[in-house]
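Worksheet: one structure, shown below.
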Amino acid sequence: MIAIRSRRAALALLLALAPPLAHAQEPLKLVVGLPAGGNFDIIARLLAEKLRVSLNQTAIVENRPGAQARLAIQQVKAAVPDGNTLVVAPGATIYLYPHVFKQLGYDPFTELAPVAKLPTWELGLAVPASSSARSLQDFLAWAKSHPNAAFYGTPSAGSIQHFLGVTLSQATGTRLEHIGYKGAAEVITALVGAQIPAAILNIGEMLNLQQAGKVRILATFGSRRAAELPEVPTAAELGIRMAPAQGWGGIYAPARTPEARIAQLNAAIVQALQEPDVRARLAQMGMTPVSSTPRQLDEQGRRELEQWRSAVQASGFSAD
């Protein structure tokens with residue numbers, strides 16, 4: 001409680017000291033490049049509700065789905081750089097898409113200004129309940145002895161889940177063939193029905209299925225065990241040499257947005273994500289809020305841009 005009060009006091013001071021900003025009476029627009037009802041839409045709406053109060057500014061959410069969230073980013077990069085138009089972006093649009101799309105339509109490091117990191121979530125590999133694999137080692141052993149049947153499903157080709165499977169294949173010397181579906185719901189249906197031997201998904205999409213005994217999560221890929229699955233080991237714990245991976249997102253403004261406005265937005269967003277009701281809703285989605293500076297968000301994007309380069313190249317995948 002003391003920490004929350006301290007953050008609120010710091011935010012109030014920052015807002016009081018912030019210089020007058022152009023277009024301050026214009027609404028704050030959070031542009032989401034995915035359909036309404038999805039996780040990023042929910043996060044945007046949670047934030048908009050809080051930012052209306054902390055910034056004393058109307059905040060609205062605009063869904064601009066299309067081209068795998070690229071249309072929304074292209075819209076925001078071309079907006080007036082006053083800090084009133086922001087994009088709620090999956091991390092993959094920053095660190096994966098430059099490798100995947102030959103015609104990306106934006107440069108995430110020169111045409112966008114990082115504002116704040118959004119919640120993170122863990123990724124895991126699961127098998128159907130009927131699978132004989134009780135551990136990741138069991139699954140990999142089965143895959144090596146059944147190379148023509150060793151498939152794994154993900155929500156889409158070109159996703160972090162796709163390339164996480166490529167990295168696992170490289171790290172273990174196991175042939176794993178990818179099947180990209182049209183969204184997590186299709187993958188889950190195939191997994192539960194044992195139409196595929198494995199899937200890599202966000203663990204928040206599988207927790208209820210694990211608890212119901214319909215799937216078995218064999219490993220996660222973060223740097224530590226997922227709080228929601230303390231009994232499930234990480235790949236690193238099992239001796240697999242691969243960089244840890246998490247899902248994450250970020251909020252970005254157009255390049256050349258004033259630093260004072262970026263700092264104001266960052267403080268307000270960080271505070272909003274720590275509010276108890278927001279944390280509780282995120283926990284239901286299998287997500288964990290984090291605090292970050294704009295610089296830390298930028299550094300993570302650049303670091304992961306290099307991290308995933310070899311996996312994308314090894315896959316031979318291109319979306320164009």
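Annotations for the structure displayed:
- For segment 38-69, residues that are polar (S, T, N, Q), outside any helix (DSSP H, G or I) and over 15 Å from N84 (Cα atoms) total 1.
- Count of residues meeting criterion [among the small types (G, A, S) and loosely packed, with under 14 Cβ neighbours inside 10 Å] in segment 142-158: 2
- Selection status of A263, part of a helix (DSSP H, G or I), in contact with a helix residue (DSSP H, G or I) (Cβ under 6 Å, 6 or more places away or on another chain) and farther than 23 Å from Q161 by Cα: no
- For segment 281-314, taking the residues that are within 20 Å of Q246 (Cα to Cα) and of a type in the set (G, A, S), the one that is modelled with the highest pLDDT is identified as G301.
- Subset of segment 170-204 that is polar (S, T, N, Q) and either in a helix (DSSP H, G or I) or outside the structural domain of A219 (by the TED database) (or both) - its residue that is farthest from T154 (Cα to Cα): T172
- Filter result for the condition that a residue is surrounded by 17 or more Cβ atoms within 10 Å (Cβ to Cβ) and touching a residue at least 12 places away in the same chain (Cβ under 8 Å), over R309, R216, R295, R281: R216
- Any chance P289 is touching a helix residue (DSSP H, G or I) at 6+ places or on another chain (Cβ under 6 Å), buried (at least 16 other Cβ atoms within 10 Å of the Cβ) and either over 18 Å from V115 (Cβ atoms) or not β-branched (V, I, T) (or both): yes
- The residues of segment 269-320 that are in contact with a His (Cβ under 9 Å, 6 or more places away or on another chain) and of a type in the set (A, V, I, L, M), listed by number, are L305, A311, V312.
- If you go through segment 23-48 and keep only what is small (G, A, S) and under 15 Å from P119 (Cβ atoms), you end up with G38, A44.
- Residues of segment 219-232 that turn out to be loosely packed, with under 15 Cβ neighbours inside 10 Å and touching a strand residue (DSSP E or B) at 6+ places or on another chain (Cβ under 8 Å), as a count: 3
- The number of residues in segment 42-64 that are under 21 Å from Q274 (Cα atoms) and either modelled with pLDDT under 95 or not charged (D, E, K, R) (or both) comes to 16.
- Enumeration of residues in segment 240-282 that are basic (K, R) and closer than 25 Å to F221 by Cβ: R241, R279, R281
- Checked against the criteria, L34 does not count as modelled with pLDDT of 95 or more and under 20 Å from G247 (Cβ atoms).
- Of everything in segment 280-320 that is in contact with a Pro (Cβ under 6 Å, 6 or more places away or on another chain) and outside any loop (DSSP other than H, G, I, E, B), the residue that is nearest to H178 (Cα to Cα) is M287.
- Output for segment 72-90, where each listed residue is assigned to a loop (DSSP other than H, G, I, E, B) and surrounded by fewer than 22 Cβ atoms within 10 Å (Cβ to Cβ): A78, A79, V80, P81, D82
Listed here are the residues, each with its yes/no results for (1) of a type outside the set (G, A, S); (2) more than 13 Å from the chain's Cα centre (by Cα); (3) crowded, with 20+ Cβ neighbours inside 10 Å.
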residue	(1), (2), (3)
V100	yes, yes, yes
Q103	yes, yes, no
D107	yes, yes, no
T110	yes, yes, no
A113	no, yes, yes
L118	yes, no, yes
E122	yes, no, yes
A126	no, yes, yes
S132	no, yes, no
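- Residue match in segment 127-140 (condition: of a type in the set (K, R) and in a helix (DSSP H, G or I)): no
The values are calculated or read from the model by the stated rules, or taken from the named source; none is laboratory data. Because the structure is a prediction, the values reported are computed rather than measured. Heads up, the Cβs are rebuilt from the backbone with ideal geometry, glycines too, and the neighbour counts pull from every protein chain shown.
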